[in-house]
Amino acid sequence: MTDINKHEEQKRFRAEATSLWKITFGPLVWAVHFVATYGLTALTCAKGWPLDPLRIGVGVGTVLALAGILWLGWGAWAQWDTLRDREWENDAPTDEDRHQFLGHAAFLLSIISFIGVVYVALPILLFGSCQ
Amino acid sequence: MQNIWLSDGMGQGRRQHNWKSHAALTGILLLAGCGSGRQSVLNPAGDDALMLFDLARVMFIGALILWLLVAALFIYVTRIAPREFSRCSAERLIVGGGVIFPVLLLGALLIYSLPLMSSQREADDGLEVQITAEQWWWRVNYVLPNGDTITSANELRLPVGARTGLRLNAHRVIHSFWVPALGGKTDMIPGRETFMSLKPETPGIYRGQCAEFCGASHALMAFEVVAMEPEAFAAWLAAEAADAVPPQTPLARKGAGVFAREGCGGCHTVRGTDAQGQVGPDLTHVGSRVSLGAGILPDGVEDFANWIAHTEDLKPEVAMPTYDYLSDGDLTALATYLEGLE
């Protein structure tokens, strides 16, 4: 790798230096949705409030969370860039590979977060009571 | 056993024959065990148990189909047509069969089974029973729609065709309430009331069992559930609400004297008498119950005598003392008195 190439690469992926924590966004949405769902349900059942507002609220929250995760997942998919360069693994010690690897990890985390949000929401949407 | 097969010189054939007959015998025993079913989920006699039985069948058949598919695929790729897979088709198989298919299948099963959970806790049709688990017996209070309470113990009677609510509590440790033939299992937790409901459909006598380890005599903490036609249930409930019948025979009257002399009333209640203790089971109508000692003995005069003289042997660490010093005469009289409390 020539010095010029190296310089180019560093410039292109400079943002990467601070973006490791970006891969936590998907699980973070899942965690917020989880805490809000469980907390609201516990509160509603403890206070004996009607269930319909809870179910509507959880339904809306779930749609928002899923939309957010889809958006993050789409960005991660683009960052992984596996269709263009046909590279399933990105294990070279270059900034570009690090960039794509982080996209790959964030994409997989988005999938698990999506499934987690759906499974957390299902009981409240399907249960008819606090019992 | 295996050593005998190997050393008897009859070789593989004999061994295989034995294996087969053992498997057949085990199968027959298992099936026989299922058929008798007074305490079996395979013999559902109520709405909730039927629902759970269906759920179990769906899950079992689903698991069986899945297992056969995986086994067939395994045999196909290793025995019938072994070949090298391209990276792409291998990844498709892993992502499709290992991620997408299980997520969809588990999601479908979750959607199918979740509504069943809340239906196991539907509200009652008017009758509510409060059950408190003790070590190792059951306090049972029938709460009528008008608020009246009828106290009983160690036996649950339910009308068929109606849903009865069960408010479950525990005194000192965690127990679990389970009548397999009628419905699911619910934990009983000190300081926290739990709720479930049962709707028996077939009249009969079923057996319940504490399903959470609760101390030395956990396995001996059972109870009988009598599912009755609504009219018979109403008549029984009216009789259960009444005070105890006074002893009718000289022997029973002598037994009532022994009961008073030994201080049994310090722990047990016999409504309509001086005995008002709350520590042990209510004995007002103990003679009409199906079992004795929380589901461990039948309910005959000899069984009462046996229980009173051998409590510690029959139920280790039970709070009731062993009255092994009573004379045979006193014991028989006491047992006759208790058996007469119908």
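The values are calculated or read from the model by the stated rules, or taken from the named source; none is laboratory data. Since the model is a prediction, treat every value here as computed from it, not as a measurement. So basically every Cβ, Gly included, is an ideal-geometry build from the backbone, and we count neighbours across all protein chains shown. For the accessible areas, the whole protein counts, side chains as well, though only heavy atoms, and no ligand, DNA or RNA atoms are used. Shrake-Rupley method; radii C 1.70, N 1.55, O 1.52, S 1.80 Å.
Answer yes or no as to whether A:Leu28 is over 26 Å from B:Ser119 (Cα atoms), within 14 Å of another protein chain (Cβ to nearest Cβ), assigned to a helix (DSSP H, G or I) and open to solvent by 40 Å² or more (accessible area, probe 1.4 Å).
no
Working only within segment B:62-79, note down all residues that are within 12 Å of B:Leu109 (Cβ to Cβ) and hydrophobic (A, V, I, L, M, F, W, C).
Answer for segment B:62-79, where residues must be within 12 Å of B:Leu109 (Cβ to Cβ) and hydrophobic (A, V, I, L, M, F, W, C): B:Ala63, B:Leu66.
Taking the criterion of being open to solvent by 30 Å² or more (accessible area, probe 1.4 Å) and either more than 31 Å from the chain's Cα centre (by Cα) or of a type in the set (Ser, Thr, Tyr) (or both), would at least one residue in segment B:150-163 satisfy it?
For segment B:150-163, residues open to solvent by 30 Å² or more (accessible area, probe 1.4 Å) and either more than 31 Å from the chain's Cα centre (by Cα) or of a type in the set (Ser, Thr, Tyr) (or both): present.
So that you can scan it fast, the table gives a plain yes or no per residue for (1) within 14 Å of chain A (Cβ to nearest Cβ); (2) under 30 Å from B:Phe53 (Cβ atoms); (3) of a type outside the set (A, V, I, L, M, F, W, C):
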| site | (1), (2), (3) |
| --- | --- |
| B:Pro82 | no, no, yes |
| B:Ile94 | yes, no, no |
| B:His171 | no, no, yes |
| B:Gly184 | yes, yes, yes |
| B:Ile189 | no, yes, no |
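Regarding segment B:152-167, can at least one residue be identified that is basic (Lys, Arg), assigned to a strand (DSSP E or B) and either more than 14 Å from chain A (Cβ to nearest Cβ) or within 23 Å of B:Arg38 (Cα to Cα) (or both)?
Checked segment B:152-167: at least one residue is basic (Lys, Arg), assigned to a strand (DSSP E or B) and either more than 14 Å from chain A (Cβ to nearest Cβ) or within 23 Å of B:Arg38 (Cα to Cα) (or both).
Mind telling me which of the residues B:Leu237, B:Leu283, B:Leu220 ends up being out of contact with any strand residue (DSSP E or B) (no Cβ under 6 Å at 6 or more places or on another chain) and more than 16 Å from B:Thr151 (Cα to Cα)?
It is B:Leu220.
Are there any pairs with C-beta distances below 7 angstrom linking a residue in segment A:35-51 that is on the phi > 0 side of the Ramachandran plot to a residue that is of a type in the set (Phe, Trp, Tyr) and open to solvent by 50 Å² or more (accessible area, probe 1.4 Å), with the two at least 6 apart or on different chains, and if so which?
none
Given (1) open to solvent by less than 60 Å² (accessible area, probe 1.4 Å); (2) in contact with a strand residue (DSSP E or B) (Cβ under 8 Å, 6 or more places away or on another chain); (3) not basic (Lys, Arg), where does B:Ser118 come up short, assuming only one miss?
Condition not satisfied by B:Ser118: (2).
Starting from segment B:108-137, keep only residues that are within 11 Å of chain A (Cβ to nearest Cβ) and at pLDDT below 90, then list their pairs with residues that are in a loop (DSSP other than H, G, I, E, B) and surrounded by 19 or more Cβ atoms within 10 Å (Cβ to Cβ) whose Cβ atoms are within a distance under 9 Å, requiring at least 6 positions of separation or different chains.
B:Met117/B:Gly184; B:Gln120/B:Gly183; B:Gln120/B:Gly184; B:Glu122/B:Arg163; B:Glu122/B:Lys199; B:Ala123/B:Arg163
For the structure I just gave you, tell me whether B:Ser118 is among the small types (Gly, Ala, Ser) and not assigned by TED's automatic domain parsing to the domain that holds B:Leu220.
Yes: the conditions hold for B:Ser118.
Check off (1) modelled with pLDDT of 95 or more; (2) in contact with a Leu (Cβ under 8 Å, 6 or more places away or on another chain) for B:Ala162 and give me the number that stays unchecked.
It fails just one condition, (1).
For segment B:181-261, list the strands (runs of 3 or more DSSP E) that sit wholly inside it and hold at least 3 residues that are under 18 Å from B:Arg121 (Cβ atoms); which are they?
Once the strands (runs of 3 or more DSSP E) in segment B:181-261 are filtered for at least 3 residues that are under 18 Å from B:Arg121 (Cβ atoms), what remains is B:185-188, B:194-198.
Residue by residue through segment B:103-118, note down the ones that are over 30 Å from B:Phe195 (Cβ atoms) and either touching a helix residue (DSSP H, G or I) at 6+ places or on another chain (Cβ under 9 Å) or part of a loop (DSSP other than H, G, I, E, B) (or both).
Those that are over 30 Å from B:Phe195 (Cβ atoms) and either touching a helix residue (DSSP H, G or I) at 6+ places or on another chain (Cβ under 9 Å) or part of a loop (DSSP other than H, G, I, E, B) (or both): B:Val103, B:Leu105.
Against the definition (over 20 Å from the mean Cα position of the chain (by Cα), over 30 Å from B:Lys315 (Cβ atoms) and within 13 Å of chain A (Cβ to nearest Cβ)), how does B:Ala71 come out, yes or no?
Taking the combined requirement at face value, the residue does not satisfy it.
When you look at A:Phe101, is it among the aromatic types (Phe, Trp, Tyr) and closer than 25 Å to B:Glu91 by Cα, yes or no?
Spelling it out, A:Phe101 is indeed among the aromatic types (Phe, Trp, Tyr) and closer than 25 Å to B:Glu91 by Cα.
Is there a residue being closer than 30 Å to B:Lys315 by Cα and open to solvent by 70 Å² or more (accessible area, probe 1.4 Å) anywhere in segment B:136-149?
yes
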